[in-house]
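The values are calculated or read from the model by the stated rules, or taken from the named source; none is laboratory data. No experiment lies behind these values; they were computed from the predicted model shown. With ideal geometry, Cβ positions are generated from the backbone for all residues, glycine too; neighbour counts draw on all protein chains shown.
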Amino acid sequence: MKILAIETSCDDTGISVIEEKNGKIALKSNIVSSQVLLHRKWGGVYPTLAKREHQKNLVPVLMKALKEADLLKKEKTKNFESKKLKKILEKEPVLLKKLEAFLKTHKKPDIDRLAVTQGPGLEPALWVGINFAKALSFFWKKPIIPVNHIEAHMLANWLPKKGKKIKFPAVCLVVSGGHTQLVLMKRFGKYKLIGETRDDAAGECFDKIARILGLEYPGGPAISREAEKAKEGDIRFPRPMISQKNYDFSFSGLKTAVLYQSQKEKKTKGYVRQASKEAQQAIIDVLVKKTINAARDFKAQSVLLGGGVASNKELRRQMADSLKKKIPSLPLYIPDPEYCTDNGAIVALSALLGKKKAISFKKLKADSNARLD
Ligand code: KG4
Ligand code: ZN
């Protein structure tokens, strides 16, 4: 079974090919084209810009992904029929032009299924990937498996690596730019949301605090770099909801605390570094404490991390250290940093392991607020 997966939920255009043979999974390609430099000018992701960029990027990314998987073959298509294609891509004119040129000159690749991120995510961005998947599905006559973006971040932990046997139930912390959720995973396809942020997501908090401190987008990596250079200081920020007996989060108060405090200070290099370190620590303290509480209370057999914020070095280190101290026998799994942020491989893997069935392209719609359970 070969799956070609498409990811456009936010500002990364990702396409990947994964193959499963006799129970073994092989990653054939995983191409990501990031729009970070473009959105940096605006200090965050601009949905209509993201949509336009996905339209430009999808065909070049597809060609690279097919080439790397050794599936790109030139061949003139006989009796090319463009009427239906035009209808499917009527809202994506830039993409239509590029896709037509590609389909006219390339052979149908040897794949069995398509997969695409259905949501949650930015609605205009999601639709480009979905319409692209529909057009390919129609032209190549392959069914599509819709994938939930949160599930994809969780299942990134199953990406090919030798000897990985994750035991259930697992407690998963998904921390990204749009979401902060604690999920109890009983098995593939069986999830229970046990807690989530009541306002901003952790990644969003990193991004907003970075902007307050005059750092670039995306804020997470920028804050983490500044924090590494910080000297000892006496700035203190709150750890919202850390002592509450639930698994929910709140990060907007932390952002406001940084804003008020920083208005009283000169934004010297030293200040920005210290504030970055303390803000990062406040976020990490809450994430670690609530995750370990959930793991203990739900008698988890493993703890999983996923999402862009899970690529944060300090979060990875401190989560591992605290777990070792508090529940020494409990294994922790975190995807390699490149698979924490958005990419097609995690979508392909979810299509393979998740329990969603393939559907006809005619039934597929974006669901920007899709829920897991
Ligand atoms: O999962 P992701 O790529 O996209 C969404 O689904 O939102 O996550 C992007 C988020 C951004 O908010 C970004 O600032 C954050 O992940 N991020 C980080 C780091 N790298 C990315 N946050 C903290 N530390 C990092 N190293
Ligand atoms: Zn994501």
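Could you list all residues from the stretch 11-25 that are within 26 Å of residue 201 (Cβ to Cβ) and either in contact with a His (Cβ under 8 Å, 6 or more places away or on another chain) or not in a strand (DSSP E or B) (or both)? Of everything in the stretch 11-25, those that are within 26 Å of residue 201 (Cβ to Cβ) and either in contact with a His (Cβ under 8 Å, 6 or more places away or on another chain) or not in a strand (DSSP E or B) (or both) turn out to be 11, 13.
Yes or no, residue by residue, for (1) modelled with pLDDT of 95 or more; (2) in the same structural domain as residue 64 (by TED's automatic domain parsing); (3) more than 22 Å from the chain's Cα centre (by Cα):
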residue: 309; (1), (2), (3): yes, no, no
residue: 312; (1), (2), (3): yes, no, no
residue: 351; (1), (2), (3): yes, yes, no
residue: 354; (1), (2), (3): no, yes, no
residue: 372; (1), (2), (3): no, no, no
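Return yes when residue 195 is within 16 Å of ligand 2 (Cβ to nearest atom) and in contact with an Asp or Glu (Cβ under 8 Å, 6 or more places away or on another chain) and no when it is not. So residue 195 does not fit the description; no. Checked against the criterion of being out of contact with any strand residue (DSSP E or B) (no Cβ under 6 Å at 6 or more places or on another chain), among the aliphatic types (A, V, I, L, M), within 16 Å of ligand 1 (Cβ to nearest atom) and under 30 Å from residue 30 (Cα atoms), the candidates 315, 304 yield just one match: 315. Residues in the stretch 144-174 that are away from ligand 1 (no atom under 16 Å from the Cβ), within 20 Å of residue 9 (Cα to Cα) and either over 18 Å from the mean Cα position of the chain (by Cα) or assigned by TED's automatic domain parsing to the domain that holds residue 292 (or both): 144 only. Here residue 83 meets the list (1) touching a residue at least 24 places away in the same chain (Cβ under 8 Å); (2) basic (Lys, Arg); (3) over 19 Å from residue 364 (Cβ atoms) almost entirely, failing just condition (1).
Working carefully through the options 273, 317, 296, 371, find the one that is within 16 Å of ligand 2 (Cβ to nearest atom) and over 27 Å from residue 33 (Cβ atoms).
On the way: 273 fails: within 16 Å of ligand 2 (Cβ to nearest atom); 317 fails: within 16 Å of ligand 2 (Cβ to nearest atom); 296 fails: within 16 Å of ligand 2 (Cβ to nearest atom).
Only one candidate qualifies: 371.
Number of residues in the stretch 14-47 that are free of Cβ contacts under 8 Å to residues at least 60 places away in the same chain and within 16 Å of ligand 2 (Cβ to nearest atom): the value is 3. Checking 287, 254 one by one, the residue that is within 26 Å of residue 333 (Cα to Cα) and of a type in the set (A, V, I, L, M, F, W, C) is 287 and no other.
Does residue 136 satisfy the condition of being in contact (Cβ under 8 Å) with a residue 12 or more places away in the chain and within 15 Å of the chain's Cα centre (by Cα)?
On the way: in contact (Cβ under 8 Å) with a residue 12 or more places away in the chain: yes; within 15 Å of the chain's Cα centre (by Cα): no.
No: the conditions fail for residue 136.
Only one of the listed residues (120, 160) is at pLDDT below 95 and either farther than 30 Å from residue 102 by Cα or touching a Ser or Thr at 6+ places or on another chain (Cβ under 9 Å) (or both). That residue is 160.
Which of the residues belonging to the stretch 211-225 are among the aliphatic types (A, V, I, L, M), surrounded by fewer than 24 Cβ atoms within 10 Å (Cβ to Cβ) and within 10 Å of ligand 1 (Cβ to nearest atom)? Working first, answer last.
Of the residues in the stretch 211-225, the ones among the aliphatic types (A, V, I, L, M) are 212-213, 215, 222-223.
Adding the requirement that they be surrounded by fewer than 24 Cβ atoms within 10 Å (Cβ to Cβ) leaves 212-213, 215, 222.
Selection gives 222 alone.
Of the residues making up the stretch 328-355, those that are under 25 Å from residue 140 (Cβ atoms) and in contact with a helix residue (DSSP H, G or I) (Cβ under 8 Å, 6 or more places away or on another chain) are 342, 344, 345, 346, 347, 349, 350, 353, 354.
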